[in-house]
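Remarks on the structure that follows.
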Amino acid sequence: MNKLIQNEMMKLIAKKRLVVIAIIIGILVALFTYAQFKENERQREKLGTDDWRTIIQQTIIDQQNRISSPRISDEWKQQLQIALQQNQYYLDHDINPSEPGAPTFMRIFLENSIELFIPLMVMVIASDIVSSEHSQGSIKLLLTRPVKRWKVLLSKYITLILAISLIVAIAGLLSYSISGLVFGYKGWGAPVLTGFSVTDAGLNTASVKLIDQWQFLLMDFGLVWLVAIVVGTLSFMLSVLIRSTAAGMGVMLAALIAGAILSNMVSSWESAKYFFMVNLKLTNYMNGNPPPIEGMTLSFSMMVLLIWWAAGLFVSFYVFTKKDVY
Amino acid sequence: MENITLSVHNLKKVIGKKEIIKGISFELREGEVFGFLGPNGAGKTTTIRMLVGLIKPTSGSIHIGGYNIVDHFEEAMKHLGCIVENPELYPYLSGYDNLLHFARMLDGIGEQRISEVTELVGLRDRIHDKVKTYSLGMRQRLGIAQALLGRPKVLILDEPTNGLDPAGIREMREFIRFLAEEEGLSVLVSSHLLSEIQLLCDRVAIISRGTVITTDTVDNLLSNRERVVWRFHPLEKGKEVLGSLTAIEEREDGTITTEYDEIKTAEWNKKLVEAEVSVTEMYRKMPVLEDLFLELTGGDSIE
């Protein structure tokens, strides 16, 4: 099995996919760092201060104004209300939610890339790992060795998991080292609040806990990794089912984008919560952002993702070991 | 020489409701080159894909080196090397890395064997170049090197000369003969090129519409069907005389073809001479497989 994984790694590295992904992440991180830097500068000019308390106060006033506007929808109003309460909580407890520094940037970057960006990068590798063997015809050589088919597929899947872990690690590493150049590398111990829960009555702060940023980041990484594995497994399944890499990628891309759109639209269509793609924003639960559909919780979303993952894996192995190769 | 290395018994494949392969049986012996001949669409490739484990047979059995390939896939495949259609190796890897890749999938095959097969197919100078820079002939040779890695008893080559130039075809032919005669491999070669099979194979199975029409040695198949070609003057008179003795066939180039029989042919010649027909040309002709094939299959091509 080790030798098979070695083989898959050799092919993956020779295709230079990981390098391309690292470059893309690097460029994006640099862009975001610059954008964040500009944003900070603008705020400083506008408010004439560096003090985060003034900034948050300003944000709260801003939000209050918007809530009292009659043109705003009820739903949006509720979301604003929650955000406002959160900000108030930060202010009351004297905690800076966006403590400057590379770890904070990394956290924000992860939270914003969990839904689309990281899954996209994972998809680039996963959707081609099996189907490229078909399109090149090398599958005929691969499956006529004295190695059972499920072992061949398992070696590919393990390789995929390694590659995904590597992508998540690269994303963390690059976002830390690049943004640190501008914001500094400190801030691991900054306090972060978690445990907000959204109920019918609004924001519930009863179970809010204060933890160090590095602990929070560790959880974030875990969630990002989980989402990446699930998306990777589903792309992997498509790669087994569909011979054309482009078609497989297209399907997955459509699903991911549909998820991003649906999350903003489907609050009244309740059964949409069983789609894997509306459950990808796991980090939102940690921040106390309201879920796209009422009643969704972290454990619910993880359960849904787990079921999709298991189904994807089962279909992949079942089809791959049974199907005739032409 | 009589050891059976691959045996196929009553092999069938049904796709949808259509029976593509309708019960094929044959055996390969050690050290022989076996030809698998049929028009495009006759079921050659489907059969070969079943032999190498890419397609599951609907019924029937395949044994390689004594192992059933469905029940003992790994053991059976250890004795098999194959190229199905083109040798599609990884273009972004070097030739060496490709061989390394496939060697890792075999037990106990290391660098020494890799350099052995590289030497054997004569790719030593280019083995560390990327496969995408190889010519078709070199890819074909690398494909064979890959197939030989595991010291197989049976080598299956699907259309091995496809796309090669005449020199490449000749080289490939000599190499395949070498493998069978010197290394004692059984080689199964499929082709739709009859001349190819005729020059290369010891025995041949002719397949059409999913069934084997006949299996025999190439010599046997051909010698039963030797013909005599005549040219004489005057033509009309000769035709009259010869036509009264046996069935004749006239060609457009003015030659007459009859069956061949050692005694009778001399007799006919005498009769012609006695009737004052001057025989200007008379030779024995081995039929090419082409004629034979058309005769056997009744001229149909694809179902």
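Among the conditions (1) within 24 Å of A:G187 (Cα to Cα); (2) in a helix (DSSP H, G or I); (3) hydrophobic (A, V, I, L, M, F, W, C), A:I95 misses just one, which is (2). Look through the range A:298-326, keep the residues that are of a type in the set (S, T, N, Q) and touching a residue at least 60 places away in the same chain (Cβ under 8 Å), and return whichever of them is nearest to the other protein chains (Cβ to nearest Cβ). Among them, the one singled out is A:T321. Among the residues making up the range B:165-188, those that are outside any helix (DSSP H, G or I) and surrounded by fewer than 17 Cβ atoms within 10 Å (Cβ to Cβ) are B:D165, B:G184.
Scanning the range A:41-63 for residues that are polar (S, T, N, Q) and either loosely packed, with under 13 Cβ neighbours inside 10 Å or farther than 28 Å from A:V208 by Cα (or both) gives A:Q43, A:T49. With respect to the numbered conditions (1) farther than 29 Å from B:H79 by Cβ; (2) more than 20 Å from the chain's Cα centre (by Cα); (3) assigned to a helix (DSSP H, G or I); (4) not hydrophobic (A, V, I, L, M, F, W, C), which one is the sole condition not fulfilled by A:D128? With (1) farther than 29 Å from B:H79 by Cβ; (2) more than 20 Å from the chain's Cα centre (by Cα); (3) assigned to a helix (DSSP H, G or I); (4) not hydrophobic (A, V, I, L, M, F, W, C) applied to A:D128, the lone miss is (3). Inspection of the range B:222-230 finds no residue satisfying the criterion of being part of a helix (DSSP H, G or I), farther than 22 Å from B:S195 by Cβ and not small (G, A, S). Check the range A:66-83 and report whether any residue there is under 25 Å from the mean Cα position of the chain (by Cα), assigned to a helix (DSSP H, G or I) and either on the phi > 0 side of the Ramachandran plot or among the charged types (D, E, K, R) (or both). Yes; the residues of the range A:66-83 include at least one that is under 25 Å from the mean Cα position of the chain (by Cα), assigned to a helix (DSSP H, G or I) and either on the phi > 0 side of the Ramachandran plot or among the charged types (D, E, K, R) (or both). Filter the range B:98-123 down to the residues that are in contact with a helix residue (DSSP H, G or I) (Cβ under 9 Å, 6 or more places away or on another chain) and more than 12 Å from every other protein chain (Cβ to nearest Cβ) and list them by number. B:E111, B:R113, B:I114, B:S115, B:E116, B:V117, B:T118, B:L120, B:V121, B:G122, B:L123 - these are the residues of the range B:98-123 that are in contact with a helix residue (DSSP H, G or I) (Cβ under 9 Å, 6 or more places away or on another chain) and more than 12 Å from every other protein chain (Cβ to nearest Cβ). Only one of the listed residues (A:L154, A:L110, A:L181) is surrounded by fewer than 23 Cβ atoms within 10 Å (Cβ to Cβ), closer than 22 Å to A:V20 by Cα and of a type outside the set (D, E). That residue is A:L110. Answer yes or no as to whether A:K11 is modelled with pLDDT of 85 or more, within 14 Å of chain B (Cβ to nearest Cβ) and at positive phi. Considered against the rule, which asks whether it is modelled with pLDDT of 85 or more, within 14 Å of chain B (Cβ to nearest Cβ) and at positive phi, A:K11 comes out as no.
Whenever a residue of the range A:35-62 is farther than 24 Å from A:Q81 by Cα, its partners that are modelled with pLDDT of 80 or more, lying with C-beta atoms within less than 7 angstrom and at least six residues away or across chains, give the pairs A:Q36/A:F105; A:F37/A:V182.
Just so you know, in the range B:74-97 the residues that are in contact with a helix residue (DSSP H, G or I) (Cβ under 6 Å, 6 or more places away or on another chain) and more than 7 Å from chain A (Cβ to nearest Cβ) include one that is farthest from B:R139 (Cα to Cα), and it is B:G81. Listed by first and then second residue, the pairs with beta-carbon distance under 6 Å, at least 6 apart or on different chains, first residue in the range A:4-22 and touching a residue at least 40 places away in the same chain (Cβ under 8 Å) and assigned to a helix (DSSP H, G or I), second aliphatic (A, V, I, L, M) and surrounded by fewer than 20 Cβ atoms within 10 Å (Cβ to Cβ), are A:I5/A:I158; A:A22/A:I170.
The values are calculated or read from the model by the stated rules, or taken from the named source; none is laboratory data. Small disclaimer: the values here were computed from a predicted structure and weren't measured. Cβ atoms come from the backbone with ideal geometry, glycine included; neighbour counts cover every protein chain shown.
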